[in-house]
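Written out below as C-alpha cells is the structure these notes cover.
The values are calculated or read from the model by the stated rules, or taken from the named source; none is laboratory data. This one's a predicted model, so the numbers in the text were calculated from it and none came from an experiment. Quick reminder, even Gly has a Cβ in these numbers, built from the backbone with ideal geometry, and neighbours come from all protein chains shown. Protein only, heavy atoms only, side chains kept; ligands, DNA and RNA dropped before computing areas. Shrake-Rupley method; radii C 1.70, N 1.55, O 1.52, S 1.80 Å.
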Amino acid sequence: MAEMTEWTAREALDALARGEVSSEELTRAFLARIERLEDRVRAFITLTPDSALESARAADRRRAEARRSGETLPPLLGLPLAVKDLLALEGVPCTCGSRILEGFIPPYTATSVARLLEAGAVSLGKTNLDEFAMGSSTESSAYGVTRNPWNLDHVPGGSSGGSAAAVAARMAPAALGTDTGGSVRQPASFCGLTGIKPTYGRVSRYGLVAYGSSLDCVGVLARTAVDAALLLEVMAGHDPLDATSLDAPVPRFRFDQEPDLRGLRVGVPKEFFIEGMQPEVESAVRAAVARLADLGAEVIEISLPHTDLALPVYYLIAPAEASANLSRYDGVRYGLREPAGALWDQFKDTRGAGFGPEVKRRIMLGTYALSAGYYDAYYGQAQKVRTLIKRDFETAFTQVDLIATPVAPSTAFRLGEHRDDPLSMYLEDVFTLPVNLAGVPGLALPVGFDGQGLPVGMQLLGPHLGEEVLFRVGHAYQQVTDWHLRRPPLD
Ligand code: GLN
C-alpha cells in the first residue's frame with residue numbers, strides 16, 4: 001500500500017469507502033507529516049489537530065452507522081483538507097496574514113468552507129498567504145514566509161502559497177485557495193499542482209475576506225484535475241448570502257472518458273509568449289500543447305490583443321476596490337486595537353501598526369485612483385479597458401473551445417528576489433490577471449520542470465461557466481503524462 005499521504009483526494013476517499021483506512025488514521029497521518037515537515041516549509045498559520053481528529057472520528061462513526069442503516073454518505077466524508085486563512089471558519093482565528101486581524105475569531109463560516117464541511121471534509125488548519133492576498137510570493141505575510149517544497153530557497157508563489165506548499169509537501173491532499181489575479185494558478189504552477197480558478201460567481205464569496213470584490217474567486221489547489229473538480233463541485237452553486245454568486249446549474253464533472261480530444265479547438269494566444277520569459281517555460285508549455293494535439297485537438301494561433309493592458313488595469317481596479325474594502329479595519333470592529341486618546345488617533349494608529357507595507361501601498365494607490373479629479377482618468381478608464389479585455393476573450397471563444405497559455409513567465413523565483421521591487425513582483429502576474437478581469441475560468445496544470453528542478457505550469461482557459469471542458473482536457477492530459485505525480489525531494 002502506498003503511503004497514505006501520497007494518495008490523491010479521490011484515492012483517499014475510495015480507500016475510506018472500502019474501509020481500508022479510517023478517517024482518524026488518515027488525519028493522523030497528515031498531522032504527523034505536518035509535524036515532521038512544517039518547521040522547514042511553514043505552510044500553516046493555525047493548526048487545529050484536536051478539532052480535526054474530532055471531526056475525523058465523527059466521520060468514522062457516521063460511516064460505520066451507514067453500514068447498518070444504508071444511509072447515503074456525503075461525498076467527502078472523512079477527507080482532510082487545508083483552508084487558506086482568508087476564509088472564515090467559525091471559532092478558528094482568521095488572520096488574513098495581517099497583524100490587523102490578530103485575535104479575530106470569526107463567528108461564522110464561509111459558504112465554500114461550510115459546504116465542504118457539510119460534505120464531510122475535515123479541516124486540518126489555516127494556511128499562510130500574502131497579507132490580505134496581496135502578493136505573488138507569500139512573503140508579505142505578517143506570519144513569516146512559506147517555502148517551496150521543491151526548493152526551500154524559493155518562494156511557493158502567492159498569494160495562496162501556504163495552501164500550495166501544504167499540498168505539494170503532502171501535508172494535505174487538497175486545499176482551498178483564492179484567486180483575485182492569479183493566487184490559485186500561480187502557486188499551483190510554482191509548486192507543481194493542479195489549481196482551478198472558477199468562473200467569477202461560480203463559488204460564493206460569503207465569508208471570503210474581500211480584496212478586489214469584482215475579481216475575487218474561491219478555488220482549489222490539488223494534485224489532479226479530478227480532485228480539483230471533486231471539491232469545486234461541492235462548493236459551487238448559488239448562495240443567497242452572496243449577491244454576485246451565479247444561479248447556474250453546477251455540472252457533475254465526469255472522468256470516465258478515454259483521453260480523446262478530437263474535435264476540440266485549442267487557441268494559443270501569441271501575446272502570452274513574450275520576450276524576457278524563461279525559455280524553459282515556453283518550451284514546456286509548447287510541448288504540452290503538442291501533447292493535446294497528439295490526443296486529437298486542433299491547435300490554432302489566436303490573438304488576445306489587449307493582453308498587455310491587463311497589468312495596469314488590474315493594478316488600478318484591484319487596489320481601488322481594496323482601498324474601499326479595507327476601510328473597515330478601524331480598530332473598533334475586528335482584531336488589533338492600538339489604544340489612543342481620540343477616536344481618530346485610534347484609527348490612524350491601528351491602521352499604521354496593523355497593515356504591512358504592501359497593503360499600505362495598495363490602499364494609497366487605490367485611494368488616489370478613486371479620488372475626485374482622478375476617478376475618470378484612472379478608475380473609469382481602467383473599467384473601459386477591462387471591457388475590451390473581456391471582449392478579447394469573447395471573440396476568441398467564438399473561434400476556439402479553450403485557450404492554453406503559460407501561468408507565469410518564470411518558475412518559482414528565489415526568496416527575496418522581488419521583495420524590494422514591487423513592480424517586478426507585479427510583472428509576475430502578467431498572464432494570470434487578464435483571466436480575472438474577464439471573469440472566465442482557468443485551470444493550472446504541471447507540464448514539466450526547468451533545469452533547476454522547479455515545476456512549470458500551463459493554464460487552460462475556458463469560456464464563462466466552461467469549467468467542464470477545462471477538467472476534461474486537464475484530465476486527458478494527466479492520463480497521458482505523469483508530471484502531476486512527481487513529488488518534491490523533501491524526504
Ligand atoms: N499577485 C496579485 C496581487 O498581488 C494577485 C493576488 C491574488 O490573486 N490574490 O494582487
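Under 8 Å between Cβ atoms, which residue pairs at least 6 apart in sequence (or on different chains) link something in the range 183-202 that is under 20 Å from Thr481 (Cβ atoms) with a partner that is of a type in the set (Lys, Arg)?
Close Cβ pairs (under 8 Å, with a partner that is of a type in the set (Lys, Arg)) amount to Arg185/Lys197; Gly192/Arg486; Leu193/Arg223; Thr194/Arg223; Gly195/Arg185.
State all residues of the range 348-365 that are of a type in the set (Gly, Ala, Ser) and either at pLDDT below 90 or away from the ligand (no atom under 16 Å from the Cβ) (or both); if no residue qualifies, say none.
Within the range 348-365, Gly352, Ala353, Gly354 qualify.
Could you list, in sequence order, all residues of the range 316-341 that are in contact with a Phe, Trp or Tyr (Cβ under 6 Å, 6 or more places away or on another chain) and either within 13 Å of the ligand (Cβ to nearest atom) or at negative phi (or both)?
If the condition is that a residue be in contact with a Phe, Trp or Tyr (Cβ under 6 Å, 6 or more places away or on another chain) and either within 13 Å of the ligand (Cβ to nearest atom) or at negative phi (or both), then Leu316, Ala320, Ala322, Asp330, Tyr334 are the ones that fit.
Would you confirm whether any residue within the range 252-271 is touching a Pro at 6+ places or on another chain (Cβ under 6 Å) and part of a helix (DSSP H, G or I)? Step through it out loud before you land on a result.
First, pick out the residues of the range 252-271 that are touching a Pro at 6+ places or on another chain (Cβ under 6 Å): none.
Looking for residues that are touching a Pro at 6+ places or on another chain (Cβ under 6 Å) and part of a helix (DSSP H, G or I), one finds none in the range 252-271, hence no.
If you take the residues of the range 392-415 that are more than 21 Å from Ala290 (Cβ to Cβ), within 22 Å of the chain's Cα centre (by Cα) and not aliphatic (A, V, I, L, M), which of them is most open to solvent (accessible area, probe 1.4 Å)?
By that ranking, first place goes to Arg414.
Got at least one residue in the range 91-111 being part of a strand (DSSP E or B), under 15 Å from the mean Cα position of the chain (by Cα) and either farther than 22 Å from Thr8 by Cα or at pLDDT 95 or above (or both)? Talk me through it step by step, then tell me what you get.
Taking the range 91-111 and keeping what is part of a strand (DSSP E or B), we get none.
Scanning the range 91-111, I find no residue that is part of a strand (DSSP E or B), under 15 Å from the mean Cα position of the chain (by Cα) and either farther than 22 Å from Thr8 by Cα or at pLDDT 95 or above (or both), so the answer is no.
Please name all residue pairs, on different chains or six or more residues apart, with Cβ atoms under 6 Å, provided the first residue is in the range 251-263 and is more than 29 Å from Val203 (Cβ to Cβ) and the second residue is surrounded by 11 or more Cβ atoms within 10 Å (Cβ to Cβ).
Partner pairs satisfying both residue conditions: Asp260/Gly296; Arg262/Gly296.
May I ask you to list the residues in the range 368-378 that are more than 16 Å from the ligand (Cβ to nearest atom) and surrounded by 15 or more Cβ atoms within 10 Å (Cβ to Cβ)?
Of the range 368-378, the ones more than 16 Å from the ligand (Cβ to nearest atom) are 368, 370-378.
Those that are more than 16 Å from the ligand (Cβ to nearest atom) and surrounded by 15 or more Cβ atoms within 10 Å (Cβ to Cβ): Tyr368, Leu370, Tyr378.
Which one is surrounded by the fewest Cβ atoms within 10 Å (Cβ to Cβ), of the residues in the range 235-274 that are at pLDDT 95 or above and basic (Lys, Arg)?
Top of the filtered list is Arg262.
Report every pair of residues separated by at least 6 positions or lying on different chains whose Cβ atoms are under 7 Å apart, first residue within the range 105-118 and of a type in the set (A, V, I, L, M), second part of a loop (DSSP other than H, G, I, E, B) and open to solvent by 30 Å² or more (accessible area, probe 1.4 Å).
Matching pairs, first to second residue: Ile105/Gly91; Ile105/Pro93; Ala110/Tyr206.
What are the residues in the range 351-360 that are within 16 Å of Asn325 (Cα to Cα) and part of a helix (DSSP H, G or I), if any?
Across the range 351-360, the qualifying residues are Arg351, Gly354, Glu358, Val359, Lys360.
On the given criteria, is Thr405 touching a residue at least 40 places away in the same chain (Cβ under 8 Å) and more than 15 Å from the ligand (Cβ to nearest atom)?
In short, yes.
Yes/no per residue for (1) aliphatic (A, V, I, L, M); (2) crowded, with 24+ Cβ neighbours inside 10 Å:
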{"site": "Tyr108", "(1), (2)": "no, no"}
{"site": "Arg115", "(1), (2)": "no, no"}
{"site": "Lys126", "(1), (2)": "no, yes"}
{"site": "Ser137", "(1), (2)": "no, yes"}
{"site": "Trp150", "(1), (2)": "no, yes"}
{"site": "His154", "(1), (2)": "no, no"}
{"site": "Ala164", "(1), (2)": "yes, yes"}
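Could you check Asp345 against (1) within 13 Å of the ligand (Cβ to nearest atom); (2) open to solvent by less than 70 Å² (accessible area, probe 1.4 Å) and say which number it fails?
Result: Asp345 passes all but (1).
Restricting to the range 380-390, give me the number of residues that are open to solvent by 30 Å² or more (accessible area, probe 1.4 Å) and either over 25 Å from the mean Cα position of the chain (by Cα) or free of Cβ contacts under 8 Å to residues at least 12 places away in the same chain (or both). Explain how you work it out, then say what you get.
Looking only at the range 380-390, we keep the residues that are open to solvent by 30 Å² or more (accessible area, probe 1.4 Å), and these are 381, 383-384, 387-388, 390.
Narrowing the set further to residues that are either over 25 Å from the mean Cα position of the chain (by Cα) or free of Cβ contacts under 8 Å to residues at least 12 places away in the same chain (or both) leaves 381, 384, 387-388.
The qualifying residues number 4.
Anything in the range 184-225 that is open to solvent by less than 10 Å² (accessible area, probe 1.4 Å), within 14 Å of the ligand (Cβ to nearest atom) and hydroxyl-bearing (Ser, Thr, Tyr)? List them, or say none.
The answer is Ser189, Tyr211.
Could you run through the range 450-462 and say how many residues are in contact with an Asp or Glu (Cβ under 8 Å, 6 or more places away or on another chain) and open to solvent by 10 Å² or more (accessible area, probe 1.4 Å)?
Number satisfying all stated conditions: 2.
Residue pairs, Cβ under 7 Å, 6 or more apart or interchain, first in the range 15-34 and of a type in the set (Lys, Arg), second buried (at least 18 other Cβ atoms within 10 Å of the Cβ) and not in a loop (DSSP other than H, G, I, E, B). List them.
Cβ pairs passing all conditions: Arg33/Thr5.
For the subset of the range 424-442 comprising residues that are under 27 Å from Leu152 (Cβ atoms) and touching a residue at least 12 places away in the same chain (Cβ under 8 Å), which member is nearest to the ligand (Cβ to nearest atom)?
So, considering only residues that are under 27 Å from Leu152 (Cβ atoms) and touching a residue at least 12 places away in the same chain (Cβ under 8 Å), the one nearest to the ligand (Cβ to nearest atom) is Asp429.
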